[in-house]
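Novice: Just passing along the structure, written as structure tokens.
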Amino acid sequence: MVVVTRKDVTEEVIQELIRILNEEYNLKVQVNDGENQNVFGLIGDVTVLDQDILTSRFPFIENIIKVSEPYKKANRRFHPEDTIVKVGNFEIGAKNKLAIIAGPCSVESEDQIKEVAKGVSGLGATMLRGGAYKPRTSPYAFQGMQFEGLKLLKKAKEATGLPIISEIMSQDHIDMFVEYVDVLQVGARNMQNFELLKALGKINKPILLKRGLANTMEELLMSAEYIMSGGNQQVILCERGIRTFEPYTRNTLDISAIPVLKSKTHLPVVVDPSHSAGMSWLVQPLAKAAVAAGADGIMVEVHNNPSKALCDGNQSITIPQFGQLIEQLKPIAAVEGREI
Ligand code: PEP
Ligand code: MN
């Protein structure tokens with residue numbers, strides 16, 4: 001439930017309202033100071049709340065809205081303004097510059113990650129991606145360089161200044177990731193690893209949460225809710241394609257997820273065209289579509305030598321192709337009122 005009040009009321013009255021909601025009704029209150037109104041998100045058993053009594057006691061209440069969706073903290077009704085997630089000096093969300101996250105699927109060597117990091121940094125990337133712990137379908141496939149990979153990412157950050165993002169697969173690695181990376185990625189396969197999500201709710205680092213292979217938008221928002229209800233509000237959602245009956249592409253990019261999620265939630269939404277497409281030639285058109293549909297950023301796989309990549313070479317673009325992609329995206333971003 002959401003309580004909307006006029007803005008021109010004293011702090012004392014607001015505090016009294018919050019106290020009554022906490023103590024008499026046993027509800028948790030999330031406060032958002034809007035420009036023209038205050039919005040209070042109520043969490044708990046709201047059936048105990050008599051709306052008439054509350055509005056007669058606090059006549060500055062303008063509106064009480066029932067929120068039927070099961071996600072509360074992630075709900076735009078609870079928090080009408082766009083959330084901005086800060087990563088170093090860079091801000092993701094609202095009408096800020098688009099987040100351009102680029103890098104290889106996996107860190108493979110010091111030379112490889114440095115070459116890609118330097119290449120994409122000079123061409124407009126705002127963050128470097130690179131998998132160190134890889135979720136592979138086959139246990140016999142390359143599993144990533146693991147801790148060594150995180151160390152190399154940190155070196156690449158030192159060389160370029162780009163903040164880094166890498167996928168976490170186990171709660172046991174949280175302390176290590178908090179020390180080494182700027183954004184922790186939860187991959188599609190772990191979107192509903194609820195114990196991992198709960199643990200990530202306790203840390204103070206941004207989380208990029210990817211949509212599961214066959215998960216609905218509401219399930220994605222409920223996973224974000226797991227992180228946010230633990231206390232960590234810095235969640236970036238990522239649409240990366242879903243499984244459909246169409247086998248031509250690796251996944252089907254759900255373009256509608258961008259405007260729909262942005263209407264349902266205040267969290268930033270970025271798009272990964274690489275895992276959606278599975279083929280490098282499709283990365284550019286899908287990225288363009290994502291920006292035109294209002295995405296807050298894109299995450300693309302870039303490799304210095306895609307044909308030799310240890311993972312996802314087919315969908316990786318080269319460094320020069322990344323440069324061309326950025327040029328293609330600029331006019332589309334401008335139409336959306338965004339810069340790159
Ligand atoms: C990745 O980003 O490298 C990855 C494994 O993506 P996803 O979880 O979307 O499959
Ligand atoms: Mn990959």
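Novice: Taking one equal scatterer on every alpha-carbon of the chain, how large is log10 of I(q)/I(0) by Debye at q = 0.11, 0.12, 0.15 1/Å?
Specialist: -0.71, -0.83, -1.18
Novice: Among the Cys residues of the chain, which have no other cysteine Cβ under 4.7 angstrom away?
Specialist: CYS238
Novice: Given a Förster radius of 22 Å and the C-beta distance between GLU23 and ASN63 as r, what FRET efficiency does 1/(1 + (r/R0)^6) yield to the nearest 0.05?
Specialist: Approximately 0.45, to the nearest 0.05.
Novice: Pop out the ³J(HN,Hα) list for region 53-68 in order, Karplus 6.51 cos²θ - 1.76 cosθ + 1.60 with θ = phi - 60°, rounded to Hz; leave Gly and Pro as x.
Specialist: 4, 5, 6, 6, 6, 10, x, 7, 6, 8, 7, 10, 10, 7, 9, 7
Novice: Work out the charge dipole of region 192-340 with +1 on the Cβ of Lys and Arg and -1 on the Cβ of Asp and Glu about the Cα centre, then indicate which of GLY337, HIS266, LEU209 is farthest towards its positive end.
Specialist: Selected residue: LEU209.
Novice: Continuing with this model, one more query. Which far-off residues, 5 or more places away or on another chain, put their amide H under 5 Å from the one on SER166, with H placed in the peptide plane?
Specialist: Long-range HN contacts for SER166: VAL183, GLN185.
Novice: Could you rank the peptides 172-181, 211-220 by their average count of other C-beta atoms within 10 Å per residue, with the highest value first?
Specialist: 211-220, 172-181
Novice: Please go through region 266-340 and write out the GluC sites (Glu not before Pro) that DSSP classes as loop and that have at most 11 other C-beta atoms within 10 Å.
Specialist: Hits after loop and neighbour filter: GLU339.
Novice: Tell me the angle of helix 217-229 to the major Cα principal axis of the chain, expressed in degrees between 0 and 90 and rounded to the nearest ten.
Specialist: 70
Novice: In µm²/s, what is D for region 258-300 at 25 °C and 0.890 mPa s, where D = kT/(6 pi eta Rh) by Stokes-Einstein and Rh is the Kirkwood radius from Cα pairs?
Specialist: Once the numbers are plugged in, D ends up at 234 µm²/s.
Novice: A further question follows. Determine the gain in length on full extension of the stretch GLU246-VAL48; use 0.36 nm per residue of separation and subtract their C-alpha separation, reporting nm with one decimal.
Specialist: Answer, rounded to one decimal: 66.5 nm.
Novice: Further question: Principal axes first, then extents: for the Cα atoms of region 143-212, list largest minus smallest coordinate on each axis, whole Å, largest first.
Specialist: 35, 27, 22
Novice: Rounded to the nearest 10 degrees, what's the angle between the helix 110-122 long axis and the longest principal axis of the chain, both from Cα atoms, 0 to 90?
Specialist: The angle comes out at about 60 degrees.
Novice: Given Cα pairs under 8 Å that are at least 6 residues apart, what percent is the relative contact order of region 85-335?
Specialist: After rounding, I find 19 percent.
Novice: Against the empirical 2.2 N^0.38 Å scaling, what ratio does the C-alpha Rg of region 2-65 come to?
Specialist: 1.00
Novice: State, as an integer percentage, the relative contact order of region 2-65 based on alpha-carbon contacts under 8 Å between residues 6 or more apart.
Specialist: 46
Throughout, read-outs are computed from the coordinates displayed, never taken from laboratory work. Keep in mind it's a predicted model, so treat the numbers as computed, not measured. Cβ atoms come from the backbone with ideal geometry, glycine included; neighbour counts cover every protein chain shown.
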